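The values are calculated or read from the model by the stated rules, or taken from the named source; none is laboratory data. In this text the structure is predicted, and so the values were computed from the model without any measurement. Here the Cβ is made from the backbone with ideal geometry for all residues, glycine too, and neighbour counts use every protein chain on show.
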Amino acid sequence: AHVVHFQPRGQDPVLWMSSESRFDDAQPIRGGVPLCWPWFGAHPADSSLPQHGLARLANWEVAKTSQMTGDTTELIMRWGDSAATQQVWPHAFELLMRVCFGEELTLELTISNPGDKAFECATALHTYFAVENIADVTIVGLAGRRFMDQLDNDTVKIQSGSIRIGQEVDRVYLDTEDEVVIEETGRPAIHISKTGSKSTVVWNPWIAKSQRMEDFPDLGYQTMVCVETTNAETDTRVLEPSQSHGIRQLVSRAHPYRCSQLARRRQRLESIKQGRGGRQRSRQRNSRGSSECRTPRSARTNIACCNAPATLRSASPRNSA
Ligand code: TA6
């Protein structure tokens, strides 16, 4: 149940995929949206177990496909416990992954406990976003939030303002249900909203770690950033028998049509200013104080946003969808 690609028609891919990723049963796929469950990072007690849990290496089955209204396609994948999983993680469970590909990408993981004892789990929709140049990126929405700095012994710090990335960053932001926006100069912003999650991870491996990962191009850090919707660290969830928990991430991108309009208007203003010392007009700015490309609802309905069929892989090369 690993989304490997999402590209609205006429736009650049929204998700990043390593050109050196493997697509075999032994390795996780490097890019798209890996599913981390039932633990995040290294296993708390046994470092020999797979990093980020079992879900992203498992074979899921297609439970349902349907064409919804407009251009949206729904896919539901299922995975449950087995003798093999019980050996590693001794609990009954069922996971349903619902993905909707349309003008926006919706990922919704529902975790259920059909067993007779409670379990605690961590989850991450470990999403790799594609950017043109990380140097031009600003991540907005986490100002003032506390975060655990995974590169500094999990020291808890406070985010001052927006996030710019000029080195390795590996942070778990805590107590946040905020929408996060990936802004990039001259490109449509990517909006990431969520439910069922109070922690958000921001990761970029930068140079040295990129070179250490054999399925990651040495310069790959320049064109990606992970913003992950998670239940991690202090946000893990306990499911009592018969309980379920849903974690959901909605990814939308301002339509480039609107962005190019704004860019043209900005250029005209600049040339007027330079040419005739023109009146300084207030620039269109959103509430966060930075200009943003957001397609107004009306513009969206006027522009065909047919989406190229995204590709989803059920974590097994044999039955990629
Ligand atoms: O989400 C950030 C992180 O936990 C980093 O520490 C880094 O390890 C990344 O995940 C990728 O992990 P992976 O196991 O996919 O190489």
Tally, over the range 83-116, of residues that are among the small types (Gly, Ala, Ser) and under 19 Å from Ser242 (Cβ atoms): 3
Total residues in the range 119-131, condition closer than 17 Å to Asn231 by Cα and part of a loop (DSSP other than H, G, I, E, B): 3
Candidates Ser47, Ser112, filtered to the one that is surrounded by fewer than 17 Cβ atoms within 10 Å (Cβ to Cβ) and either more than 30 Å from Val131 (Cβ to Cβ) or in contact with an Asp or Glu (Cβ under 8 Å, 6 or more places away or on another chain) (or both): Ser47
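Please determine, by comparing only the residues of the range 193-226 that are of a type in the set (A, V, I, L, M) and more than 10 Å from the ligand (Cβ to nearest atom), which one is nearest to Ile165 (Cα to Cα). Talk me through it step by step, then tell me what you get.
Initially, the range 193-226 is screened for residues of a type in the set (A, V, I, L, M), giving 201-202, 207-208, 213, 219, 224-225.
Next, only the ones that are more than 10 Å from the ligand (Cβ to nearest atom) stay: 207-208, 219, 224-225.
Numbers: Ile207: 12, Ala208: 14, Leu219: 14, Met224: 11, Val225: 9 Å.
Top of the filtered list is Val225.
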Residue match in the range 24-34 (condition: under 30 Å from Thr234 (Cβ atoms), surrounded by fewer than 18 Cβ atoms within 10 Å (Cβ to Cβ), at pLDDT 95 or above and under 21 Å from the mean Cα position of the chain (by Cα)): no
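Matching residues to (1) within 21 Å of Glu214 (Cα to Cα); (2) within 15 Å of the ligand (Cβ to nearest atom); (3) out of contact with any helix residue (DSSP H, G or I) (no Cβ under 6 Å at 6 or more places or on another chain); (4) not in a strand (DSSP E or B):
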{"position": "Val4", "(1), (2), (3), (4)": "yes, yes, yes, no"}
{"position": "Asp25", "(1), (2), (3), (4)": "yes, no, yes, yes"}
{"position": "Pro28", "(1), (2), (3), (4)": "yes, yes, no, yes"}
{"position": "Trp39", "(1), (2), (3), (4)": "no, yes, yes, yes"}
{"position": "Asp46", "(1), (2), (3), (4)": "no, no, yes, yes"}
{"position": "Asn59", "(1), (2), (3), (4)": "no, no, yes, yes"}
{"position": "Gly70", "(1), (2), (3), (4)": "no, no, yes, yes"}
{"position": "Ile76", "(1), (2), (3), (4)": "no, no, yes, no"}
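Of Pro217, Pro188, Pro205, which residue is of a type outside the set (Val, Ile, Thr), in contact (Cβ under 8 Å) with a residue 40 or more places away in the chain and closer than 28 Å to Ala26 by Cβ?
Details: Pro188 fails: closer than 28 Å to Ala26 by Cβ; Pro205 fails: in contact (Cβ under 8 Å) with a residue 40 or more places away in the chain.
So the residue among Pro217, Pro188, Pro205 that is of a type outside the set (Val, Ile, Thr), in contact (Cβ under 8 Å) with a residue 40 or more places away in the chain and closer than 28 Å to Ala26 by Cβ is Pro217.
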All positions within the range 217-260 that are out of contact with any Lys or Arg (no Cβ under 7 Å at 6 or more places or on another chain), at pLDDT below 95 and surrounded by 21 or more Cβ atoms within 10 Å (Cβ to Cβ): Arg253
Residue in the range 71-82 that is loosely packed, with under 14 Cβ neighbours inside 10 Å, free of Cβ contacts under 8 Å to residues at least 12 places away in the same chain and not aliphatic (A, V, I, L, M) present: yes
